[in-house]
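J.: Have a look at this one.
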Amino acid sequence: MPTFTKFYIESFEGVALYDYDETIRDLIYKVKGCGDIELRETFLERYINIFKIKYKDYYLVPAPSYYEDDNKRGFNHVIEIYRCLGLEPLYIFEKIDDYKQAGSNVQNRQNIGEHIKTKNINLYGKKILIVDDVYTTGSTIRFMIKQLRKMNPKTIKILVVAKTKRKVVAN
């Protein structure tokens with residue numbers, strides 16, 4: 001069941017549809033890892049009309065994916081998940097190697113920019129919707145925001161399928 005968790009990176013609003021749990025992890029893996037493209041619509045299907053209104057006139061900027069992985073599966077899973085919104089995608093970011101964040105610690109994730117090539121595009125006056133499948137530490141999205149701000153968009157918002165819950169450490 002969706003949780004619609006609102007979060008902020010700097011002053012930029014983000015929405016996560018689900019908590020990142022075992023069920024969501026398995027569904028994302030089936031789309032991304034097993035190539036079951038038919039499952040892509042399960043994430044947004046109930047809320048397509050709401051998001052089409054909320055993000056009308058936005059451009060979709062997907063989190064970068066390694067092109068060889070996309071070629072192997074035959075599609076970019078992030079683009080496919082959000083395709084139902086009918087927004088024009090802007091391919092600004094590209095992973096230049098097969099770096100996987102899943103096995104990396106927080107400190108290594110902070111260096112994500114070393115693995116991403118950014119196209120310099122004039123976004124003046126454009127509304128940008130950053131999309132990704134999973135928000136763990138926010139390193140990728142923070143990097144994307146930093147780069148996008150240099151391109152002068154009118155606004156930036158974030159939409160992710162799932163977000164990990166922050167663990168609270170007791171003193």
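The values are calculated or read from the model by the stated rules, or taken from the named source; none is laboratory data. Computed from a predicted model, the values in this text were never measured in an experiment. Keep in mind that these areas ignore ligands, DNA and RNA; they rest on the heavy atoms of the full protein, side chains included. Shrake-Rupley method; radii C 1.70, N 1.55, O 1.52, S 1.80 Å.
J.: For Cα pairs less than 8 Å apart in space and 6+ apart in sequence, what is the mean separation divided by the residue count of the chain, i.e. the relative contact order in percent?
T.: 28 percent
J.: For residue 154 and residue 42 in one chain, what is 0.36 nm times their gap in residues minus the Cα-Cα distance, to one decimal in nm?
T.: 37.3 nm
J.: How many percent of DSSP beta bridges within the chain run antiparallel, rounded to 5?
T.: Percent antiparallel among DSSP bridges in the chain is about 30.
J.: Over 16 Å, how big is the tail of the calculated P(r) for the range 1-70, in percent of all Cα pairs?
T.: 63 percent
J.: Search the structure for amide H atoms under 5 Å from the amide H of residue 9, placed 1.01 Å from N in the peptide plane, and list their residues when 5 or more places away or on another chain.
T.: Excluding prolines and chain starts, which carry no amide H, the hits are 14.
J.: Over the chain, with the other protein chains present, what is the accessible area per residue in square angstrom, probe 1.4 angstrom? Provide the component values of the computation, followed by the final result.
T.: Values: 9800 Å² over 171 residues.
Per residue, the chain has an accessible area of 57 Å².
J.: Principal axis extents for the chain, Cα atoms only, whole Å, descending order, please.
T.: 40, 40, 39
J.: Further question: Give the accessible area for residue 29 in Å² (nearest 10); use a 1.4 Å probe, count only protein heavy atoms, and leave out ligands, DNA and RNA.
T.: 130 Å²
J.: Counting only protein heavy atoms and a 1.4 Å probe, tell me what percentage of the chain's accessible area is made up of carbon and sulfur.
T.: The C+S portion of the solvent-accessible surface of the chain is 47 percent.
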